[in-house]
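Participant: There's a structure below that I have some questions on.
The values are calculated or read from the model by the stated rules, or taken from the named source; none is laboratory data. Because the structure is predicted, anything quoted here is derived from the model rather than measured. Cβ atoms come from the backbone with ideal geometry, glycine included; neighbour counts cover every protein chain shown. Remember, those area values only see protein heavy atoms, side chains included, never the ligands or the DNA or RNA. Shrake-Rupley method; radii C 1.70, N 1.55, O 1.52, S 1.80 Å.
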Protein chains: 2
Amino acid sequence: TVGQEGDYPVEVTLRYVAGERAGEERTVRAKYVAGCDGARSGVREAIGRQHIGGISAHAWGVMDVLVNTDFPDWRIKCAINSTHGNILHIPREGGYLSRMYIDLGEVPEDDDHRVRQTPLETVIAKANEILHPYSIDVKEVAWHSVYEVGHRVTDKFDDIPLDGEGNPRVFLTGDACHTHSAKAGQGMNVSMQDGFNLAWKLGMVLTGRSPESLMCTYSDERQPVAQQLIDFDREWSTLMARKPEEIEDPQELANYYLGTAEFPSGFMTQYTPSMITGTDEHQGLAEGFPIGKRFKSCEVFKACDGNVQHLGHHARADGRWRIYAFADAPGPGEASALADWATWLSESPESPLVRHTPADGDIDAVLDVKVIYQQGFEDIDLTTIDPVFVPRTGPYGLMDWEKVYAAGNGTDIFDERSISRDGAVVVVRPDQYVAHVLPLTATEELAAFFAQHLLPQKI
Amino acid sequence: TVGQEGDYPVEVTLRYVAGERAGEERTVRAKYVAGCDGARSGVREAIGRQHIGGISAHAWGVMDVLVNTDFPDWRIKCAINSTHGNILHIPREGGYLSRMYIDLGEVPEDDDHRVRQTPLETVIAKANEILHPYSIDVKEVAWHSVYEVGHRVTDKFDDIPLDGEGNPRVFLTGDACHTHSAKAGQGMNVSMQDGFNLAWKLGMVLTGRSPESLMCTYSDERQPVAQQLIDFDREWSTLMARKPEEIEDPQELANYYLGTAEFPSGFMTQYTPSMITGTDEHQGLAEGFPIGKRFKSCEVFKACDGNVQHLGHHARADGRWRIYAFADAPGPGEASALADWATWLSESPESPLVRHTPADGDIDAVLDVKVIYQQGFEDIDLTTIDPVFVPRTGPYGLMDWEKVYAAGNGTDIFDERSISRDGAVVVVRPDQYVAHVLPLTATEELAAFFAQHLLPQKI
């Protein structure tokens with residue numbers, strides 16, 4: 001049960017199911033509870049959420065096998081359609097092992113999950129039937145299983161009613177709130193993204209950097225993603241399960257696979273405007289960083305040593321927000337919009353750096369500010385640059401040499417990501433999603449954006 | 001002492017130097033002994049070898065430091081020359097740490113190693129003196145040391161006298177047979193190469209695949225490499241230690257560094273003809289694989305799945321010899337010099353595969369044979385190719401899909417490595433050095449080459 005008062009408003013009753021104390025009950029009080037307890041989630045039931053969707057009527061056998069074969073494309077990912085059914089074939093690591101998803105056909109309504117008892121020999125025989133005139137001589141089965149495809153998603157991923165208000169205390173992640181087939185290869189990825197989305201927000205709230213209302217954005221953001229995954233998986237499974245005569249163009253499946261490639265890469269999700277995702281008035285200043293989508297990295301030159309590196313590889317999973325300042329045309333040391341912005345950022349009482357950095361923290365403890373110049377790295381001397389970009393941090397107060405980048409020759413991030421030559425400020429969330437794009441002059445908007453979800457630290 | 005008879009002809013007398021049994025002696029009898037016992041090697045002394053060269057008279061301080069500084073190139077590798085001396089500056093991993101080698105000047109003849117007691121503060125002061133007008137504010141020293149540069153090499157790396165005959169039983173590796181300064185950054189690399197060279201040869205002899213005479217090639221190959229390293233290091237140290245007025249062209253040092261880049265990359269060594277390195281009559285068939293030098297990898301297409309991979313990355317440190325058959329122009333299944341060669345290799349009683357593979361071993365247990373076709377990977381069907389290139393190995397007799405490659409479009413290894421369109425056979429040693437280049441028709445020479453250093457297995 002979830003109460004409304006005290007530091008630990010959630011009460012969880014647990015029962016030992018094994019060991020000496022089996023049957024005994026125990027009560028735990030918590031600030032927050034995350035239900036990562038799988039498809040039959042007890043947490044989901046306890047908060048009375050609806051799990052929507054049914055077991056569908058198609059069964060698949062799956063096995064990881066070592067074989068000898070005359071099938072020439074054995075080491076290539078294939079979707080195989082024949083009059084006897086379908087196989088999705090995925091070569092695995094190591095040069096020998098392959099995973100096969102084998103179509104076992106429709107499941108009768110009164111089957112009562114008996115299809116799950118299908119013996120391995122039947123699955124192998126079915127695979128050979130589908131592969132005919134080719135065949136496989138199975139030498140070893142490393143793992144196998146039979147499953148029915150079910151597509152289900154929970155109506156909301158926290159304990160606040162659909163039409164209710166307030167800040168949630170209980171959350172659902174992974175299989176507890178979305179189940180589907182394995183063939184899109186996205187179940188683990190999307191579930192880990194659930195976890196990361198939840199974790200950084202809990203971190204911000206529990207360390208006193210953000211208000212409790214931040215937690216509302218978890219279900220708001222992740223429930224639509226799960227729905228999208230399930231739609232994608234259903235479409236993919238349907239395409240796979242067709243008979244040859246239903247296929248007009250053999251290229252169609254390949255086209256669908258390529259057309260949705262952003263999905264398995266994790267780049268299809270786009271969060272909508274909220275307290276942590278801005279609106280797109282200034283999207284034109286950085287077309288290559290769509291607001292609400294994953295920050296798409298690009299190569300830049302580190303100004304301190306001229307090495308080429310991916311800008312995104314400098315972001316760590318440390319719960320910090322990142323502000324990328326793309327400079328306008330003047331170089332370091334010259335009067336510029338960037339120079340004005342940097343002065344404002346380090347000095348103004350309105351600056352998010354000044355307002356939201358704890359008194360006892362490094363200047364980059366909450367907001368990690370980096371700059372990318374349009375010049376080549378040879379033209380940038382870090383010892384003369386605005387100190388907000390070369391902060392002195394850590395126990396020794398050492399200069400940080402790795403926050404200043406150059407677009408340089410070769411790959412130019414300004415071209416690659418369509419960034420305005422008048423500069424731009426790109427704000428990226430702790431989970432690598434682009435939160436906002438603003439002009440260098442829009443200091444008021446930048447301050448207002450952070451004030452929506454970060455608490456003032458120096459009062 | 002090394003005897004001439006029995007399975008364990010080497011007798012080693014050891015004395016406990018600590019613990020309960022301190023002072024007690026113990027005798028060990030061995031087939032072979034490797035002296036990896038450092039600069040003051042007892043093994044070297046026991047076999048009466050000469051260690052040639054003296055302690056030279058130049059001292060260096062070395063330290064790994066965290067600093068704040070106004071020196072703008074702090075994160076770049078620099079050779080710094082000033083009137084007060086020289087610094088070799090090498091930024092290290094992690095973005096902050098740097099290693100500095102600081103010139104402490106000439107050491108008086110009667111110094112008796114007192115320079116090694118130079119305090120850290122003196123080394124830091126010297127660094128600042130050299131760096132002036134820049135300076136460093138040292139916040140932390142992770143490690144430091146002072147050393148004098150000594151260049152010494154042992155006359156031979158085994159127990160056979162310079163003008164003697166017979167098969168060696170005792171070997172020296174690493175600092176036991178070559179010492180030098182740390183600045184070329186090659187001491188560990190060359191020493192590990194010593195170890196690898198020795199290890200694969202011991203492996204071949206101890207498993208009965210090669211005769212004991214193979215062990216003569218260890219000192220023959222590695223002693224000249226050590227001599228070359230020491231010459232390189234002496235030249236490099238001398239260049240570094242010059243005064244500004246001795247330097248005509250500041251670019252000279254950079255030129256030397258770049259001109260000898262093959263050395264630190266490990267590609268400069270070239271072994272001379274021996275029982276395991278062929279002569280160069282047919283070098284013209286594969287100019288890009290110089291006999292005696294490291295096999296320089298190149299991208300190819302795996303025929304089984306079309307993936308681009310480095311050919312060299314398929315070689316493992318498993319003690320096997322590798323034979324790369326570069327096909328002539330006809331494709332798989334057509335009459336060709338390659339097809340004749342493959343038939344000879346799998347069937348002829350003269351074939352090294354037939355002669356040198358143990359009866360109970362996989363067909364690729366000693367010789368790992370791979371083929372590279374000139375065609376694109378789409379034109380190659382592994383299920384119809386000569387089985388010598390798709391062997392069935394391991395406990396399940398599984399088809400090996402990863403020994404057939406295609407030159408394909410894009411990077412073409414035939415062009416990149418100047419390989420004859422009439423084909424070529426490139427033999428590579430277990431330590432990745434190119435051993436031989438032969439035409440596909442030179443079966444007799446190929447058989448004779450392996451007969452020099454591999455024993456017949458099926459008599």
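Participant: Would you point out the residue of region A:99-120, among those that are surrounded by 19 or more Cβ atoms within 10 Å (Cβ to Cβ) and not hydrophobic (A, V, I, L, M, F, W, C), that is nearest to the other protein chains (Cβ to nearest Cβ)?
Facilitator: Across region A:99-120, the extreme among qualifying residues is A:TYR101.
Participant: Right, here's the next one. If the requirement is being in a helix (DSSP H, G or I) and open to solvent by 30 Å² or more (accessible area, probe 1.4 Å), which of these qualifies: A:ARG234, A:ARG209, A:ARG222, A:ARG242?
Facilitator: It is A:ARG234.
Participant: Also, I was wondering about something else. Scan region B:438-459 residue by residue and report those that are among the charged types (D, E, K, R) and either surrounded by 20 or more Cβ atoms within 10 Å (Cβ to Cβ) or not in a helix (DSSP H, G or I) (or both).
Facilitator: Answer for region B:438-459, where residues must be among the charged types (D, E, K, R) and either surrounded by 20 or more Cβ atoms within 10 Å (Cβ to Cβ) or not in a helix (DSSP H, G or I) (or both): just B:LYS458.
Participant: Step by step: first the residues of region B:38-69, then only those that are touching a helix residue (DSSP H, G or I) at 6+ places or on another chain (Cβ under 9 Å), surrounded by 15 or more Cβ atoms within 10 Å (Cβ to Cβ) and aliphatic (A, V, I, L, M), then the one that is farthest from the other protein chains (Cβ to nearest Cβ). Which residue is that?
Facilitator: Here the answer is B:VAL43.
Participant: What about A:LYS126, is it touching a residue at least 12 places away in the same chain (Cβ under 8 Å), of a type outside the set (Val, Ile, Thr) and in contact with a Gly (Cβ under 9 Å, 6 or more places away or on another chain)?
Facilitator: For A:LYS126, the condition - touching a residue at least 12 places away in the same chain (Cβ under 8 Å), of a type outside the set (Val, Ile, Thr) and in contact with a Gly (Cβ under 9 Å, 6 or more places away or on another chain) - is met.
Participant: Same structure, new question: Which of (1) of a type outside the set (Phe, Trp, Tyr); (2) surrounded by 16 or more Cβ atoms within 10 Å (Cβ to Cβ); (3) within 14 Å of chain A (Cβ to nearest Cβ) does B:PRO72 not meet, given it meets every other one?
Facilitator: Failed condition: (2).
Participant: Given A:ASP340, A:ASP360, A:ASP328, A:ASP318, which one is away from chain B (no Cβ under 14 Å) and free of Cβ contacts under 8 Å to residues at least 24 places away in the same chain?
Facilitator: Answer to the check: A:ASP360.
Participant: Would you check if there is a residue in region B:331-343 being among the hydrophobic types (A, V, I, L, M, F, W, C), in a loop (DSSP other than H, G, I, E, B) and either open to solvent by 40 Å² or more (accessible area, probe 1.4 Å) or not assigned by TED's automatic domain parsing to the domain that holds B:ALA442 (or both)?
Facilitator: yes
Participant: Could you please find all residues in region B:391-447 being farther than 20 Å from B:GLU281 by Cβ and of a type in the set (A, V, I, L, M, F, W, C)?
Facilitator: Across region B:391-447, the qualifying residues are B:LEU398, B:MET399, B:TRP401, B:VAL404, B:ALA406, B:ALA407, B:ILE413, B:PHE414.
Participant: Taking the condition modelled with pLDDT of 95 or more, more than 13 Å from chain B (Cβ to nearest Cβ) and open to solvent by 10 Å² or more (accessible area, probe 1.4 Å), does A:ALA435 pass?
Facilitator: Here the answer is no, as A:ALA435 does not meet what is asked.
Participant: I'd like the residue in region B:16-59 that is of a type in the set (Ser, Thr, Tyr) and touching a residue at least 40 places away in the same chain (Cβ under 8 Å) and, out of all such residues, is nearest to B:SER191 (Cα to Cα).
Facilitator: B:SER41
Participant: State which residue is most open to solvent (accessible area, probe 1.4 Å) when the search covers only region A:171-204 and only residues that are outside any loop (DSSP other than H, G, I, E, B) and charged (D, E, K, R).
Facilitator: Among residues in region A:171-204 that are outside any loop (DSSP other than H, G, I, E, B) and charged (D, E, K, R), the one most open to solvent (accessible area, probe 1.4 Å) is A:ASP175.
Participant: Now a separate question. Among the residues of region B:75-98, count how many are outside any strand (DSSP E or B) and within 14 Å of chain A (Cβ to nearest Cβ).
Facilitator: So the answer is 9.
Participant: Ok, one more. Does region B:288-314 hold any residues that are away from chain A (no Cβ under 14 Å) and not in a strand (DSSP E or B), and which are they?
Facilitator: B:GLY288, B:PHE289, B:PRO290, B:ILE291, B:GLY292, B:LYS293, B:PHE295, B:LYS296, B:SER297, B:CYS298, B:LEU311, B:GLY312
Participant: So which residues in region B:414-432 are under 15 Å from B:ILE372 (Cα atoms), out of contact with any helix residue (DSSP H, G or I) (no Cβ under 6 Å at 6 or more places or on another chain) and open to solvent by less than 20 Å² (accessible area, probe 1.4 Å), if there are any at all?
Facilitator: B:PHE414, B:ILE419, B:VAL425, B:VAL426, B:VAL427, B:VAL428
Participant: From A:ALA46, A:ALA39, A:ALA79, grab the single residue that is at negative phi, of a type in the set (A, V, I, L, M, F, W, C) and outside the structural domain of A:PRO168 (by TED's automatic domain parsing).
Facilitator: When all the criteria are applied, what remains is A:ALA79.
Participant: Please work out which one of (1) outside any loop (DSSP other than H, G, I, E, B); (2) at pLDDT 90 or above; (3) closer than 30 Å to A:GLN223 by Cα is the condition A:ARG26 fails and give its number.
Facilitator: For A:ARG26, the failing item is (3).
Participant: Residue by residue through region B:375-387, note down the ones that are more than 14 Å from chain A (Cβ to nearest Cβ) and either touching a Gly at 6+ places or on another chain (Cβ under 7 Å) or at pLDDT 95 or above (or both).
Facilitator: Across region B:375-387, the qualifying residues are B:GLN375, B:GLY376.
Participant: Continuing with the same structure: Are there any pairs, at least 6 apart or on different chains, whose C-beta atoms fall under 8 Å, with the first in region A:427-445 and closer than 24 Å to A:ASP340 by Cβ and the second assigned to a strand (DSSP E or B) and open to solvent by 10 Å² or more (accessible area, probe 1.4 Å), and if so, which?
Facilitator: Pairs found: A:VAL427/A:HIS436; A:VAL434/A:ARG294.
Participant: As an exercise: evaluate A:VAL369 against (1) open to solvent by less than 10 Å² (accessible area, probe 1.4 Å); (2) within 14 Å of chain B (Cβ to nearest Cβ) and give the number of the one condition it does not meet.
Facilitator: Failing condition for A:VAL369: (2).
Participant: In addition: What are the pairs with Cβ atoms under 6 angstrom where one residue, in region B:256-271, is closer than 19 Å to B:VAL434 by Cα and the other, located anywhere, is aliphatic (A, V, I, L, M) and open to solvent by 50 Å² or more (accessible area, probe 1.4 Å)? Sequence gap at least six, or different chains.
Facilitator: Hits for this filter: B:GLU262/B:MET268.
Participant: Among the residues of region B:147-157, write down those that are in a loop (DSSP other than H, G, I, E, B) and either loosely packed, with under 15 Cβ neighbours inside 10 Å or β-branched (Val, Ile, Thr) (or both).
Facilitator: B:ASP155, the sole residue that qualifies.
Participant: Hey, any hits in region A:158-170 for a residue that's outside any strand (DSSP E or B), open to solvent by 40 Å² or more (accessible area, probe 1.4 Å), under 23 Å from A:ILE230 (Cα atoms) and within 14 Å of chain B (Cβ to nearest Cβ)?
Facilitator: no
Participant: Further, regarding this structure: How many residues does region A:388-419 hold that are within 10 Å of chain B (Cβ to nearest Cβ) and assigned to a strand (DSSP E or B)?
Facilitator: Total meeting the criteria: 3.
Participant: Taking the criterion of being in contact with a Pro (Cβ under 7 Å, 6 or more places away or on another chain) and open to solvent by less than 60 Å² (accessible area, probe 1.4 Å), would at least one residue in region B:121-142 satisfy it?
Facilitator: no
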